[in-house]
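Visitor: Next up is a structure, given as structure tokens.
The values are calculated or read from the model by the stated rules, or taken from the named source; none is laboratory data. Nothing here was measured: the structure is a model prediction, and the numbers come from that model. Positions of Cβ are generated from backbone atoms using ideal geometry, with glycine treated the same way; all protein chains shown enter the neighbour counts.
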Amino acid sequence: MQNRRFHFRPVVLVVIVGCGVLLALHRFLTSINGLDEGKPEAFLAFPMTVILPIAALAYLVRMPATRTSEGILMRFAAMVLILMIVALPAVSLPLALGFPVAFLVVEMFETRVPAPLRSTVKQWIAVG
């Protein structure tokens with residue numbers, strides 16, 4: 001049995017964390033702007049719609065390496081879905097319910113995509 005471990009390329013993590021920070025900052029400024037206009041809904045929802053997803057994203061970023069490339073792809077799919085949840089508050093509930101769909105897409109990617117394309121995408125995302 002191989003003792004291979006898969007982890008994200010540093011540039012992928014920098015892009016994901018950077019996007020998360022920019023999205024959180026944008027949502028914060030938007031909620032403050034809404035507060036100035038007398039619409040406190042976005043500000044009151046900020047902890048559940050921004051802070052909680054960003055905390056989950058931080059947890060995923062800090063997780064140790066996985067034993068399989070499929071595991072790192074599922075983690076990547078979860079991170080992208082969390083970024084979409086923060087970026088699109090109007091459809092955040094359907095997106096949050098779509099986590100099984102993201103994992104199904106990873107499974108279909110692993111089983112249906114031709115091997116050369118699959119290995120290229122994996123090399124862009126992970127090292128292992």
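Visitor: Of all residues in segment 51-87 being in contact with a Ser or Thr (Cβ under 8 Å, 6 or more places away or on another chain) and hydrophobic (A, V, I, L, M, F, W, C), which is nearest to residue 111 (Cα to Cα)?
Guide: My answer is 72.
Visitor: Could you list, in sequence order, all residues of segment 2-34 that are touching a helix residue (DSSP H, G or I) at 6+ places or on another chain (Cβ under 8 Å) and outside any helix (DSSP H, G or I)? Quick ask: steps written out before the conclusion?
Guide: Initial filter on segment 2-34 (touching a helix residue (DSSP H, G or I) at 6+ places or on another chain (Cβ under 8 Å)): 6-9, 12-13, 16-17, 19-20, 23-24, 27-28, 30-32, 34.
6, 7, 8, 9, listed by residue number.
Visitor: Pairs only if they're at least six apart or on different chains, beta carbon under 6 angstrom, first in segment 39-67 and closer than 19 Å to residue 14 by Cβ and assigned to a helix (DSSP H, G or I), second modelled with pLDDT of 95 or more and not hydrophobic (A, V, I, L, M, F, W, C); list them, first residue then second.
Guide: Going by the 6 Å Cβ cut-off, the qualifying pairs are 54/20; 57/20; 60/75.
Visitor: Now for a separate question. Considering only segment 13-54, how many residues are of a type in the set (S, T, N, Q) and over 22 Å from residue 94 (Cβ atoms)?
Guide: Of the residues in segment 13-54, the ones of a type in the set (S, T, N, Q) are 30-31, 33, 49.
Subsequent filtering for residues that are over 22 Å from residue 94 (Cβ atoms) retains 33.
Residues in segment 13-54 being of a type in the set (S, T, N, Q) and over 22 Å from residue 94 (Cβ atoms): 1 in total.
Visitor: Right, something else. Cβ-Cβ distance below 8 Å, separation of 6 or more or different chains: which pairs start in segment 19-36 with a residue that is in contact (Cβ under 8 Å) with a residue 40 or more places away in the chain and end on one that is hydroxyl-bearing (Ser, Thr, Tyr) and assigned to a helix (DSSP H, G or I)?
Guide: 27/49
Visitor: For segment 68-78, which residues satisfy the criterion of being assigned to a helix (DSSP H, G or I) and either out of contact with any strand residue (DSSP E or B) (no Cβ under 8 Å at 6 or more places or on another chain) or not charged (D, E, K, R) (or both)? If you could, list the steps in order and put the result at the bottom.
Guide: Filtering segment 68-78 down to residues assigned to a helix (DSSP H, G or I) leaves 69-78.
69, 70, 71, 72, 73, 74, 76, 77, 78 - these are the residues of segment 68-78 that are assigned to a helix (DSSP H, G or I) and either out of contact with any strand residue (DSSP E or B) (no Cβ under 8 Å at 6 or more places or on another chain) or not charged (D, E, K, R) (or both).
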